[in-house]
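Reviewing the structure listed below.
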């Protein structure tokens with residue numbers, strides 16, 4: 001397969017993470033979860049004890065943090081924080097931190113450098129990948145699903161109360177789609193795949209077909 005960047009955008013609960021990991025595995029491409037970078041950045045700010053409502057303070061904390069993602073986890077200053085970044089404290093504050101333009105600028109640079117350092121090809125998932133981070137990507141995918149389906153998937157994944165998940169998804173969707181910088185949107189040229197009634201394997205095969213068409 002020739003060099004290719006596959007972007008996988010969409011809201012929470014659409015299957016981005018599981019699908020992108022499987023696609024990366026089957027195509028032997030590196031996989032990057034950009035959402036993990038924003039979670040690690042949020043953890044860095046929390047650990048630094050800065051005011052999370054101050055963009056300047058958060059940016060300084062993130063600017064000196066060493067954030068990296070490899071096959072065995074997400075690392076902050078050399079420590080594997082894969083579990084901690086999924087905790088309640090980070091989840092509560094990650095939308096605020098990820099909305100800061102200066103923070104996004106730092107992390108977008110990190111993400112582009114990550115792909116470059118891994119050979120220039122990758123499957124990259126997130127919420128602004130095909131529109132901002134890699135707007136010239138060869139294959140752009142936007143996964144979507146009915147809100148009730150997304151909520152049920154998230155509840156099963158994390159063992160949360162479905163009603164709480166619905167409220168959290170609504171909050172995150174509104175925040176992500178209305179933020180001033182890099183809002184969640186369908187990238188130009190992206191293929192939209194509604195995963196509501198599709199099995200995991202069906203979604204993966206659809207994506208693989210799109211990649212094959214560009215190889």
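Taking the condition buried (at least 16 other Cβ atoms within 10 Å of the Cβ) and at pLDDT 95 or above, does residue 190 pass? Walk me through it before giving the result.
On the way: buried (at least 16 other Cβ atoms within 10 Å of the Cβ): yes; at pLDDT 95 or above: yes.
Yes; evaluated as a whole, the condition is true for this residue.
With buried (at least 16 other Cβ atoms within 10 Å of the Cβ), modelled with pLDDT of 95 or more and under 24 Å from residue 59 (Cα atoms) as the only criterion, which of 143, 107 stands out? First the steps, then the outcome.
On the way: 143 fails: under 24 Å from residue 59 (Cα atoms).
Step by step, each of 143, 107 is checked, and only 107 is buried (at least 16 other Cβ atoms within 10 Å of the Cβ), modelled with pLDDT of 95 or more and under 24 Å from residue 59 (Cα atoms).
Just to confirm my filter: which strands (runs of 3 or more DSSP E) fall fully inside the range 1-84 and include at least 2 residues that are surrounded by fewer than 22 Cβ atoms within 10 Å (Cβ to Cβ)?
On the way: elements: 5-9, 31-33, 67-70, 73-76.
Filter on the range 1-84 gives 31-33, 67-70, 73-76.
Considering 92, 14, which residue is over 19 Å from residue 111 (Cβ atoms) and touching a strand residue (DSSP E or B) at 6+ places or on another chain (Cβ under 9 Å)? Outline the logic, then answer.
Details: 92 fails: touching a strand residue (DSSP E or B) at 6+ places or on another chain (Cβ under 9 Å).
Step by step, each of 92, 14 is checked, and only 14 is over 19 Å from residue 111 (Cβ atoms) and touching a strand residue (DSSP E or B) at 6+ places or on another chain (Cβ under 9 Å).
Which of the residues spanning the range 178-187 are surrounded by fewer than 15 Cβ atoms within 10 Å (Cβ to Cβ) and either touching a residue at least 60 places away in the same chain (Cβ under 8 Å) or not assigned by TED's automatic domain parsing to the domain that holds residue 136 (or both)? Break it down into steps so the answer makes sense when it comes.
If we filter the range 178-187 for residues that are surrounded by fewer than 15 Cβ atoms within 10 Å (Cβ to Cβ), which is where we start, we get 178, 180-181.
Result: 180, 181.
Checking residue 113 against (1) at pLDDT 95 or above; (2) surrounded by 14 or more Cβ atoms within 10 Å (Cβ to Cβ), only one condition comes out false. Which one?
Result: residue 113 passes all but (2).
The values are calculated or read from the model by the stated rules, or taken from the named source; none is laboratory data. Just so you know, these numbers come straight off a predicted model, no measurement behind them. In this analysis, Cβ positions are derived from the backbone assuming ideal geometry, glycine residues included, and neighbour counts consider all displayed protein chains.
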